[in-house]
Amino acid sequence: MPMRFDIMTLFPELVDTVLGSSIIGRAQKSGALTVATHQIRDYSEDKHRRVDDTPYGGGKGMLMAAQPIWNCYQAVLAQAGEDERVRRHVIYLTPTGKVLTQQRATELARDYDHLILLCGHYEGVDRRVVDEIVDEEISIGDYVLTGGEIPACILTDCVARMVPGVLADEECYEKESIASGLLEYPQYTKPAVWHGREVPPVLLSGDHAKVDAYRLETAIALTERNRPELLEAWRAAHPPVEPKKKRRKKTAQPTVDTEPPVDSAAQGEVSC
Ligand code: ADE
């Protein structure tokens, strides 16, 4: 069964446009994924189809009310028609959630068959419906957007590309930037000289070991410059390979240890 994403939102057309395009759009057409959006307003029992109200206790802005979200959620469950074996998980996109990481996205792709995403708007959502239906609250970063739609698209894209059949080459996402622990090395395509800038000659050499070593070196340099905290973690996980101590024969002369060759495989593969 393809992995299923249901997105509850006040702006389904925004989400449909983003997720209906490019690789995720193609994956839906090929049947590798199912993505459905649901207009929360359609489930409002208010005669003016209102979905928001003022917060108790005062304060600025409006809150999304519990009732339309609850009814929308019930409709999603009914439409999915799943049995209890389906591993379902409900996520509320909010700036107060835990920040999304590649690691968490990988776990979501691995551990669940059905993700239901709730996009907040206005100043937030009545807490009671969050407590009633939501398993996890996720933020896409320490900044505030006008709503949860773009975060829901980002989360869906990030998780969906790890679903089998979505990317042409599944190996790619396992070894790429961030997943490997390092930022991805700079890449170049034809022509070999552009605006007077040359492609680094080693990449034209055809020597795969040298290319791998160069890519590792440039990935480390880039990570050090832009994300030093990632490099620190990567170094801790990839200690330099210790030279093997030669056993002394009883009558042998003392030996001199030489520097070990740089082993790019032991240092972590960075190419895809
Ligand atoms: N809604 C508004 N800002 C958000 C953020 N940073 N992450 C998730 N949902 C949000």
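We did not get these values from a lab; they are worked out from the coordinates using the rules stated. Treat the numbers as computed from the prediction; the structure is a model and nothing was measured. Glycine gets a Cβ as well: all are built from the backbone with ideal geometry, and neighbour counts include every protein chain shown.
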(request) With unit charges on the beta carbon (Lys/Arg positive, Asp/Glu negative), name the residue among 173, 160, 44 whose Cα is farthest towards the positive pole of the charge dipole of the chain. (result) 173
(message) Among DSSP bridges having both ends in the chain, what percentage is antiparallel? Round to the nearest 5.
(response) 15 percent
(message) Testing the spin-label approximation: label points 7 Å from Cα along Cα→Cβ at residue 226 and residue 50. State their distance in nm.
(response) 4.7 nm
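Please state the charge dipole magnitude for the chain, taken about the Cα centre, from unit charges on C-beta atoms (+1 on K and R, -1 on D and E), reported in debye and rounded to the nearest 20. It would help to have the intermediate numbers written out before the result.
Working: 32 positive and 42 negative charges, 241 e Å.
Rounded to the nearest 20 debye, it is 1160 debye.
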(message) As a test of the definition: which semi-axes, in Å, follow for the range 142-237 when you take the square root of five times each eigenvalue of its alpha carbon gyration tensor? Largest first, please.
(response) 29, 18, 16
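Calculate, in nm to one decimal, what residue 204 and residue 75 gain on full extension: separation in residues at 0.36 nm each, minus their alpha carbon distance. Write down the numbers at each step before the final one.
Details: separation 129, 0.36 × 129 = 46.44 nm, distance 5.72 nm.
Length gained between residue 204 and residue 75: 40.7 nm.
So which DSSP H runs in the chain come out at 18 Å plus along the axis (Cα) with average Kyte-Doolittle of at least 0.0?
On the way: long enough: 66-80 (21 Å, 0.29); 208-226 (27 Å, -0.49).
The qualifying helices are 66-80.
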(request) In nm, give the distance between the simple-model label positions of residue 131 and residue 188, each being 7 Å from the Cα along the Cα-to-Cβ direction. (result) 6.0 nm
(message) For the chain, take every pair of Cα atoms, bin their distances at 10 Å starting from 0, and report each bin as a whole percent.
(response) 6, 22, 25, 19, 14, 8, 4, 2, 1, 0
(message) Treating only the Cβ of Lys, Arg, Asp and Glu as charged (+1, +1, -1, -1), what charge dipole size does the range 3-59 show about its Cα centre? Round to the nearest 20 debye.
(response) 260 debye
(request) Compare the Cα positions of 139, 233, 201 along the charge dipole of the range 104-239 (+1 at Cβ of Lys, Arg; -1 at Cβ of Asp, Glu; about the Cα centre) and return the one farthest towards the positive end. (result) 201
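Add -39500 (n - 2.57) for each DSSP H run of 4 or more in the chain, then divide by its residues: what number comes out at 222 nm, to the nearest 500 deg cm²/dmol? Please list the in-between numbers first.
Working: 9 runs with 95 residues, N = 272.
Per the formula, -10500 deg cm²/dmol.
Fully extended, how many nm does the chain gain between residue 244 and residue 29 (0.36 nm per residue separation, minus their Cα-Cα distance)? List each step's numbers first, then the result.
Details: separation 215, 0.36 × 215 = 77.40 nm, distance 5.43 nm.
Residue separation times 0.36 nm, minus the Cα-Cα distance, leaves 72.0 nm.
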(request) Eight or more residues apart or on different chains, and alpha-carbon atoms under 29 Å: count the Lys pairs in the chain matching that. (result) 11
(request) State the answer as a single residue: which of 124, 92, 61 lies farthest towards the positive end of the charge dipole of the chain, with beta carbon charges of +1 for Lys and Arg and -1 for Asp and Glu, about the Cα centre. (result) 92
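Would the range 34-103 count as rounded, prolate or oblate if I go by the C-alpha gyration tensor, calling it rounded below 1.5 in a/c and otherwise prolate when a/b exceeds b/c, oblate otherwise?
Values: a/c = 2.63, a/b = 1.27, b/c = 2.07.
Judged from the Cα gyration tensor, the range 34-103 comes out oblate (a/c at least 1.5, b/c at or above a/b).
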